[in-house]
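The values are calculated or read from the model by the stated rules, or taken from the named source; none is laboratory data. Not measured: the values here are computed from a predicted model. Neighbour counts run over all protein chains shown; Cβ positions are idealised from the backbone, glycine included. Calculation scope for accessible area: heavy atoms of the full protein, side chains included, ligands and nucleic acids excluded. Shrake-Rupley method; radii C 1.70, N 1.55, O 1.52, S 1.80 Å.
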Amino acid sequence: MIKSKLYNGKAVIRIKSGLCETTEDVLSSQFFREVVTSCIKELEKNKSPLLGIFNDRHNISKKDIDLLIRSLRHLCKMPPKAVAAVVEGSDVFFQEPNLLADFVHALYEFWISFERFTICEAEGEIFDKRLSGQFNRAVDKLNQLIQKAYQDIEDNISSKYVRIHRQVIAGGQIAAVGMRRELPYPKLYQELNKIQIIRQVLLYPPLVLDPSMNKRTGQFIRIDENPIKHCNIDPDQWLCYPAKVGPLFINIYFHENFMDLGLSLCNLFELASPQELKRKPDAVYLFGVPENALDQLAPFPTVFYEDKEEGMMVAAVPKGKEFGYFGYLKKMVLTLHNIIMMKKGKWPFHGALVRISLKSGKSATILLIGDTGAGKSEMLEAFRVISEEEIQEMVIIADDMGSLVIDDSNGVLGYGTEIGAFLRLDDLQTGYAFGQMHRSIIMSAARINARILLPVTDMSTVTKGQPIDFILYCNNYENVDIDHPVMERFNDYKEALEVFEKGAVMSKGTTTSKGLVYNYFANIFGPVQYRELHDELAEKYFAAFFEKDIYVGQLRTRLGVSGWEFKGPEEAARELANAIRNL
């Protein structure tokens, strides 16, 4: 059985207990009827001449649409003359073959203009390799059937042999299989068990999405009441992405309004294993709750709550279009991670953690700390640029956030959270994004703050724990001169604390902030909300950095200085490579 839903430029195809086996099955489905009907309404709104295929283009009835669909089903198998002999009244569509061909092409273009998502619901609680193979074949089959239906109809309408067919992914561009299973939730959270949990994702990159927003605003607010008490949830409108976030297991629930953003998590976080699903998650996040549900809880409805009794963090954000930006999804999850890490005595960082091995034989693990737009990810890109000259290997441990742990035997160890990176296209070297198309999700391509989301590491690297050699604050706003070198080491931990705590950055337009802004430790994602706890941790950890002779300083990336957006990070990368050589 196939159901579909068309809304806000999205098409969600839901498959349960069986799949179309032939093109006739596809063209007989309710979802095809909905597509045809929606397309005709769009053409009516635009007063399109393509509606001339009907007897009365100004008064198209349900009966007319039924006749068109029956005619198209037969056009998959026979030419127009044969169809006219079989389907009574269908000859009206064949009076102008070229017009019908243009209509069919417009119908196909209308369909593929949607961002298309396929959700397969599996029975039971066990998802094995056999079911995985069935899922992949089902998704591929639907894609092939839609392509074949269009191609066969196009061939049969045309009086000439069609020599060139231009095909795209015609089914779901990204597909997921969901299962309902009982997680060991406390009573208050039991309703969440009615929501399907994603067990596998199939992505056909490049996936190009255009979310409703391209920036994030405001902070995430700590509240004193559990937001789940205020949220009425229809399980059939939600999905759950069970994410591995560093060492944590976080269930991310998202409303179908945010289907594009929710399924894009596959390029950022690893899916939790079956073993992890046997325990209670460390946190839950409801992304897309009813729009007014949180208004009474905080001045801005991006909220989280610490459920001390159950030992879980809970977060929620409404489903309004103003929250349709991937940053609201990613950053809230990482905020929950950071708070849990602080509770465990670990220091959370907002930065990039990378292991660099030079061709000379020297290697080092470097932590680059800075706020959004400071140049963390751009530094990693700069390392790629100079890699042919100096770098043998670059292993990314964390692209955005992670945590540090003081280890008596190995100094200070660094851990990551994500397997992917959410990067600004404008800050990447020309051609790099095109080289990553085979695994990328691109968002807001035609707007400011266009982004690419792609995998950059694996979970074993993220959670292994690497001894830290350099901790550098990414200074993107100061130019370089004699008194302000590209790379500058701090003399003591108090001097370092002052710079890191100030968290200065020249805004790059990734949020609604502009100009030079200051954020506590460049990390408004947890430390600000738990400042007293974080102050204690920061004092302890920065003292430890100097006790263990870790290089602590600042790196002037000049990413926020006009004209230095690419050259600045590249020069900083070369200076850092030189420091590694001199270890």
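Data for the structure
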read-out: Within the stretch 363-421, considering residues that are small (G, A, S) and free of Cβ contacts under 8 Å to residues at least 40 places away in the same chain, the one least open to solvent (accessible area, probe 1.4 Å); value: S387
read-out: Failed item, numbered, when F500 is tested on (1) under 26 Å from the mean Cα position of the chain (by Cα); (2) in a helix (DSSP H, G or I); (3) buried (at least 21 other Cβ atoms within 10 Å of the Cβ); value: (1)
read-out: Residues of the stretch 135-164 satisfying the condition of being in a loop (DSSP other than H, G, I, E, B) and either open to solvent by less than 50 Å² (accessible area, probe 1.4 Å) or at pLDDT 90 or above (or both); value: S158, V162
read-out: Any hit, the stretch 378-389, residues being of a type outside the set (S, T, Y), under 22 Å from H350 (Cα atoms), in the same structural domain as C474 (by the TED database) and modelled with pLDDT of 85 or more; value: no
read-out: Qualifying residue in the stretch 53-71 (condition: in the same structural domain as C120 (by the TED database), in contact (Cβ under 8 Å) with a residue 40 or more places away in the chain and open to solvent by 20 Å² or more (accessible area, probe 1.4 Å)); value: no
read-out: Qualifying residues in the stretch 538-556 (those that are of a type in the set (D, E, K, R) and part of a helix (DSSP H, G or I)) - the one nearest to S507 (Cα to Cα); value: E539
read-out: Positions within the stretch 509-530 being touching a Phe, Trp or Tyr at 6+ places or on another chain (Cβ under 9 Å) and either assigned to a loop (DSSP other than H, G, I, E, B) or modelled with pLDDT of 90 or more (or both), in sequence order; value: F521, A522, N523, I524, F525, G526, P527, V528, Q529
read-out: Leading residue by the ranking (nearest to R116 (Cα to Cα)) among those in the stretch 214-228 that are open to solvent by 30 Å² or more (accessible area, probe 1.4 Å) and at pLDDT 95 or above; value: I221
read-out: Candidate set: the stretch 184-204, residues that are among the charged types (D, E, K, R) and touching a helix residue (DSSP H, G or I) at 6+ places or on another chain (Cβ under 8 Å); chosen: the one nearest to D236 (Cα to Cα); value: K194
read-out: Residues of the stretch 424-444 that turn out to be within 14 Å of the chain's Cα centre (by Cα), open to solvent by 10 Å² or more (accessible area, probe 1.4 Å) and among the hydrophobic types (A, V, I, L, M, F, W, C), as a count; value: 1
read-out: Of all residues in the stretch 94-115 being touching a Lys or Arg at 6+ places or on another chain (Cβ under 8 Å) and touching a residue at least 40 places away in the same chain (Cβ under 8 Å), the one that is farthest from P211 (Cα to Cα); value: F114
read-out: Residue among L559, L583 that alone is open to solvent by 70 Å² or more (accessible area, probe 1.4 Å) and assigned to a loop (DSSP other than H, G, I, E, B); value: L583
read-out: Search result, residues across the stretch 530-542 that are open to solvent by 20 Å² or more (accessible area, probe 1.4 Å) and either in contact with a Ser or Thr (Cβ under 8 Å, 6 or more places away or on another chain) or under 21 Å from F490 (Cβ atoms) (or both); value: D535, E536, E539, K540
read-out: Qualifying residue in the stretch 283-295 (condition: open to solvent by 40 Å² or more (accessible area, probe 1.4 Å), among the charged types (D, E, K, R) and part of a helix (DSSP H, G or I)); value: no
read-out: Only one of G311, G370 that is closer than 28 Å to A445 by Cα and over 21 Å from the mean Cα position of the chain (by Cα); value: G370
read-out: Test result for D91, outside any loop (DSSP other than H, G, I, E, B), charged (D, E, K, R) and exposed (fewer than 15 other Cβ atoms within 10 Å of the Cβ); value: yes
read-out: Every residue from the stretch 433-444 that is closer than 11 Å to P211 by Cβ and either among the polar types (S, T, N, Q) or modelled with pLDDT under 95 (or both); value: S444
read-out: Qualifying residue in the stretch 242-253 (condition: over 24 Å from the mean Cα position of the chain (by Cα) and of a type in the set (K, R)); value: no
read-out: Residues that are among the charged types (D, E, K, R), touching a residue at least 12 places away in the same chain (Cβ under 8 Å) and open to solvent by 70 Å² or more (accessible area, probe 1.4 Å), drawn from the stretch 186-213; value: E191, K194, D210
read-out: Condition met for V303 (in contact with a Ser or Thr (Cβ under 6 Å, 6 or more places away or on another chain) and in contact (Cβ under 8 Å) with a residue 60 or more places away in the chain); value: no
read-out: Unique match (being touching a helix residue (DSSP H, G or I) at 6+ places or on another chain (Cβ under 7 Å) and at negative phi) among I391, I442, I448; value: I391
read-out: Subset of the stretch 348-362 [hydrophobic (A, V, I, L, M, F, W, C) and crowded, with 24+ Cβ neighbours inside 10 Å]; value: F349, A352, L353, V354, I356
read-out: Checking C266 against (1) farther than 24 Å from I524 by Cα; (2) at pLDDT 95 or above; (3) open to solvent by less than 10 Å² (accessible area, probe 1.4 Å), the condition it does not meet; value: (3)
read-out: Candidate set from the stretch 165-185 (those that are within 17 Å of the chain's Cα centre (by Cα) and free of Cβ contacts under 8 Å to residues at least 60 places away in the same chain); member that is least open to solvent (accessible area, probe 1.4 Å); value: A175
read-out: Some residue of the stretch 451-466 being at pLDDT below 90, outside the structural domain of D210 (by the TED database) and crowded, with 16+ Cβ neighbours inside 10 Å; value: no
